[in-house]
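Engineer: I have a structure I would like to understand better, so I am pasting it below and will then ask my questions one at a time.
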Amino acid sequence: MKLRPEEETRLRHILEPLKSDKRIQRMKKYIQHGRVSTFDHVESVTRVSYWLNKRLHIGADEQVLAIGAFLHDYYLYDWHETDNGHGLHGFSHSTTAKDNAVRHFGIGQRTQSVIECHMWPLNITKIPRSREAWIVCIVDKYVSTKETLLCR
Ligand SMILES: [Fe+2]
Ligand SMILES: [Fe+2]
């Protein structure tokens with residue numbers, strides 16, 4: 001899944017304001033799956049989503065797709081610490097991530113829905129309703145499975 005030089009440039013341009021933010025850097029401290037940090041996980045999901053949209057000519061909005069993918073797990077805590085009141089992580093973290101993203105970066109409605117719907121079908125009522133939301137929902141499952149299997 002290789003991005004072309006001009007696609008790398010475009011993606012870097014979209015993500016630049018996020019990546020240079022101190023609060024975003026906190027995702028490097030939290031482990032998502034195995035030995036993969038949340039930061040590296042959201043970066044993989046963003047790159048694969050961007051690649052898929054380009055190669056399959058899905059026609060998703062690149063800004064909404066990339067920002068939504070990059071912030072989809074912006075919940076900012078270690079979900080492995082099950083005794084700190086986050087036991088329902090699987091169900092609650094998409095809302096937490098969306099709320100944090102709205103508070104910190106003022107993201108719009110379409111990007112919010114990408115984040116909110118990425119846990120479908122676990123969150124059965126939050127159905128992806130846009131190309132961007134579908135891409136991130138599917139790619140997140142693919143990347144998560146790969147990350148979990150690779151460290152066994
Ligand atoms: Fe997630
Ligand atoms: Fe994720």
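Engineer: Neighbour counts of other C-beta atoms within 10 Å: give me I135, I31 arranged from fewest to most.
Structural biologist: Values: I135 25, I31 14.
Listing I135, I31 from fewest to most nearby Cβ atoms yields I31, I135.
Engineer: Another question, then. With only alpha-carbon pairs counted, each pair once and no self-pairs, how large is the Kirkwood hydrodynamic radius of the chain in angstroms?
Structural biologist: It is 15.4 Å.
Engineer: A further question on this structure: What is the gain in length, in nm to one decimal, between F91 and Q109 on full extension, counting 0.36 nm per residue of separation less the C-alpha to C-alpha distance?
Structural biologist: On the way: separation 18, 0.36 × 18 = 6.48 nm, distance 2.03 nm.
Taking 0.36 nm per residue and subtracting the Cα distance, the gain is 4.5 nm.
Engineer: Please identify the GluC sites (Glu not before Pro) of the stretch 1-82 that satisfy two criteria: DSSP loop assignment and at most 14 other Cβ atoms within 10 Å. Which are they? Write down the numbers at each step before the final one.
Structural biologist: Numbers: sites: E6, E7, E8, E43, E62, E81; in loops: E81.
Within the stretch 1-82, the qualifying GluC sites (Glu not before Pro) (loop, at most 14 other Cβ atoms within 10 Å) are E81.
Engineer: Rounded to the nearest Å, what's the spacing between the alpha carbon centres of the stretch 41-101 and the stretch 1-31? Just the number, please.
Structural biologist: The stretch 41-101 and the stretch 1-31 have Cα centres spaced 13 Å from each other.
Engineer: Mind putting a number on the dipole of the stretch 5-150 about its Cα centre? Charges go on the C-beta only, +1 for Lys and Arg and -1 for Asp and Glu, and I need it in Debye to the nearest 20. Working shown, then result.
Structural biologist: Details: 20 positive and 18 negative charges, 25 e Å.
My answer is approximately 120 debye.
Engineer: Oh, and also: For the stretch 58-152, which chymotrypsin sites (Phe, Trp or Tyr not before Pro) are in a loop by DSSP, counting at most 14 other Cβ atoms within 10 Å? Kindly include the intermediate steps, with their values, before the conclusion.
Structural biologist: Numbers: sites: F70, Y74, Y75, Y77, W79, F91, F105, W134, Y142; in loops: Y74, Y75, Y77, W79.
Taking the stretch 58-152 and a limit of 14 other Cβ atoms within 10 Å, no loop chymotrypsin sites (Phe, Trp or Tyr not before Pro) are found.
Engineer: Could you tell me which trypsin sites (Lys or Arg not before Pro) in the stretch 86-132 are loop residues by DSSP with no more than 14 other beta carbons within 10 angstrom of their beta carbon? Intermediate values should be presented prior to the final figure.
Structural biologist: Working: sites: K98, R103, R110, K126, R129, R131; in loops: K126, R129.
Hits after loop and neighbour filter: R129.
Read-outs: derived from the displayed coordinates by stated rules, not from any lab. Treat the numbers as computed from the prediction; the structure is a model and nothing was measured. Methodologically, a virtual Cβ is constructed for each residue, glycine included, from the backbone with ideal geometry; neighbour enumeration extends over all protein chains shown.
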